[in-house]
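Heads up: the structure comes next, in structure tokens.
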């Protein structure tokens, strides 16, 4: 059985493009109609904040760092404090932090409308990197998660990787596009992405063998873990220990899969920080993702439920 102990550990969550996240349940949602939204869930968000919420449910308190601006930015910073998170927010005055909307229907299918957010001024970028440099040595791992902020200079993600490496801090990324390619080239040690993002990164269609080949081709750069999630299908994870297939447990009563990948990341980080073996870590990650699917709002998991689903997940080493 998987057993967890509540305690503080060294995980640092970077969510550059912080947001105001709104989730609404509209059972009969369809295009071209007007809906009056009641009981909307409004939270400070972004993928990294979701990871921090799920980690808290597993027993790890993790600070969150990112950019925020305008009235929305002030609300995000204050709401994070109200939730009890330590937040290292780099404020700037270039517009309003973004708002992201999720509509969930009765089947658990979601429609997302996500703003991009404002371009971050160069001075704010430099100040953030200075802050990150000072903080990185305090933590064993830094998870850099979520949509890239507009306006980031070329080399920003390279700086994150190198500053962390110089201070002995393991870096794991859940992002996409040029920023992810830059982080990989700079020596990112961990990557967790979905199949679409893998195809974009690798330049070819997803297959398990391509995951293994891509990992081998980039391990010389410093890559130690590559995870490609598959939604309700299998996830594949490549590491120096080989290629693994993770089949998620069956679920009843799906509410929303939004945030499940972030909870998977939380489970992975918990296992990594606790020194779990790779298979046990992947089981916990799958269990956390499953629990997230049974709630509205991203990053909300039940600890005991996650443990139960972890036991039902099937993890096989296939090469």
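The values are calculated or read from the model by the stated rules, or taken from the named source; none is laboratory data. All values reported here derive from a predicted model rather than from experimental measurement. All Cβ positions, glycine included, derive from the backbone under ideal geometry; neighbour counts span all protein chains shown.
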Would you check which residues across segment 168-197 are within 27 Å of residue 259 (Cβ to Cβ) and in a helix (DSSP H, G or I) and list them?
-> 177, 178, 179, 180, 181, 182, 183, 184, 195, 196, 197
Can you pull out the residues in segment 161-173 that are in contact (Cβ under 8 Å) with a residue 60 or more places away in the chain and under 16 Å from the mean Cα position of the chain (by Cα)?
-> 170, 172
If you check 86, 98, which single one turns out to be crowded, with 24+ Cβ neighbours inside 10 Å and touching a residue at least 12 places away in the same chain (Cβ under 8 Å)?
-> 98
At least 1 residues that are under 17 Å from the mean Cα position of the chain (by Cα) and more than 18 Å from residue 265 (Cα to Cα) in each: list the strands (runs of 3 or more DSSP E) lying fully within segment 3-103 that qualify.
-> 19-25, 41-45, 64-69, 87-92
Output for segment 282-316, where each listed residue is at pLDDT 95 or above and in contact with a strand residue (DSSP E or B) (Cβ under 9 Å, 6 or more places away or on another chain) = 282, 283, 285, 286, 289, 313, 314, 315, 316
If you check residue 297 against the conditions, is it in contact (Cβ under 8 Å) with a residue 12 or more places away in the chain and under 20 Å from the mean Cα position of the chain (by Cα)?
-> yes
Could you identify the single residue in 133, 176, 149 that is surrounded by fewer than 22 Cβ atoms within 10 Å (Cβ to Cβ) and either more than 24 Å from residue 97 (Cβ to Cβ) or within 17 Å of the chain's Cα centre (by Cα) (or both)?
-> 176
Working only within segment 198-213, note down all residues that are touching a residue at least 24 places away in the same chain (Cβ under 8 Å) and either in contact with a strand residue (DSSP E or B) (Cβ under 8 Å, 6 or more places away or on another chain) or not in a helix (DSSP H, G or I) (or both).
-> 198, 201, 208, 211, 212
From 256, 219, 319, grab the single residue that is more than 14 Å from the chain's Cα centre (by Cα), surrounded by fewer than 22 Cβ atoms within 10 Å (Cβ to Cβ) and either part of a loop (DSSP other than H, G, I, E, B) or at positive phi (or both).
-> 319
Failed item, numbered, when residue 246 is tested on (1) in contact (Cβ under 8 Å) with a residue 60 or more places away in the chain; (2) surrounded by fewer than 22 Cβ atoms within 10 Å (Cβ to Cβ) | (2)
Among (1) closer than 28 Å to residue 163 by Cβ; (2) without any contact (Cβ under 8 Å) to a residue 60 or more places away in the chain - the single one residue 192 does not satisfy | (2)
When segment 259-274 is examined, which residues are found to be in a helix (DSSP H, G or I) and either within 10 Å of the chain's Cα centre (by Cα) or surrounded by fewer than 23 Cβ atoms within 10 Å (Cβ to Cβ) (or both)?
-> 260, 261, 262, 263, 264, 265, 266, 272, 273, 274
Of all the residues that make up segment 104-142, how many are in contact (Cβ under 8 Å) with a residue 24 or more places away in the chain and assigned to a helix (DSSP H, G or I)?
-> 12
